[in-house]
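Everything on this sheet refers to the single structure shown next.
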Amino acid sequence: MTTISSLFSVAYGNKFDMNKMQVSDRETGIAFVGRKGGLDGHSGVAGFVGKVPGIEPYPAGLLTVALGGSRLLSCYVQQRPFYTAQNVAVLTPKDESLQLKHRLFYAMCIRHNAFRYTAFGREANRTLGTIKLPEKVPSWVDEARIP
């Protein structure tokens, strides 16, 4: 086993408040990732906002993790550039060539650690980097088909 901080660089996001930003649409806006979780197809994206002058959005392909709230440790691979809300961590693979399938596998592993935490109690803010993950990705991950 290894840890998140061994495989990923951990950043604590932009810490923006969506209600203080210019609302935009899917076609022209930048994804705004909050602590929205569940398997509803939103990947944590709460909406779309205008570009913030002087602040580049995070690039697509990074993982986002909800650090608190009722969707604690919801983890997704972002498919487009994004900004984040408060209490959302951004994980950048230390190996830039990490395949999408492997990123999705690690996102699933992170989500499966949620039972170790409680919303509004023991949250993941301080210990995210210490969560244990498999050191090697199982072979079945490479054989999986992503539709």
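The values are calculated or read from the model by the stated rules, or taken from the named source; none is laboratory data. Given the structure is predicted, the values throughout are model-derived calculations rather than measurements. Quick reminder, even Gly has a Cβ in these numbers, built from the backbone with ideal geometry, and neighbours come from all protein chains shown. Each accessible area value is taken on the protein alone, full model and side chains, heavy atoms only, with ligands, DNA and RNA left out. Shrake-Rupley method; radii C 1.70, N 1.55, O 1.52, S 1.80 Å.
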**Message:** I want to check the label-to-label distance for THR118 and MET18. Put each point 7 Å from Cα in the C-beta direction and report it in nm to one decimal.
**Reply:** 2.8 nm
**Helix axis angle, 100-111 relative to the chain longest principal axis, alpha carbon, degrees** = 90 degrees
**Asked** Which of the trypsin sites (Lys or Arg not before Pro) across the stretch 72-111 are loop residues per DSSP, with 16 or fewer other Cβ within 10 Å?
**Response** LYS94
**Asked** In terms of modelled amide H atoms, which long-range or inter-chain residues lie less than 5 Å from the amide H of PHE8?
**Response** LYS94
**Prompt:** So which lysines can LYS132 reach, going by Cα to Cα under 18 Å and dropping same-chain residues fewer than 8 places off?
**Reply:** LYS94
**Request:** Would you mind getting the accessible area per residue of the stretch 30-147, heavy atoms of the protein chains only, 1.4 Å probe, in Å²?
**Result:** 53 Å²
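Between SER70 and SER139, what is 0.36 nm times their sequence separation minus the Cα-Cα distance? Round to one decimal in nm.
21.6 nm
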**Request:** Name the long-range amide H neighbours of THR84: under 5 Å, sequence gap of 5 or more, or other chain; modelled H, no Pro or chain starts.
**Result:** ASN14, LYS15, PHE16, VAL33
**Prompt:** Hey, rough spin-label estimate for LEU100 and THR3, points 7 angstrom out along Cα→Cβ, what's it come to in nanometres?
**Reply:** 3.1 nm
**Asked** What residue among GLY129, GLY61, GLY121 shows peak mean-square fluctuation when the chain is described by a Gaussian network model with Cα springs under 10 Å?
**Response** GLY121
**Request:** Run down the lysines and flag those whose C-alpha is under 17 Å from the C-alpha of LYS15, throwing out any fewer than 8 positions away in its chain.
**Result:** LYS36, LYS51
**Asked** For the chain, which whole-number percentage of the solvent-accessible area (1.4 Å probe, protein heavy atoms only) is attributable to carbon and sulfur atoms?
**Response** 53 percent
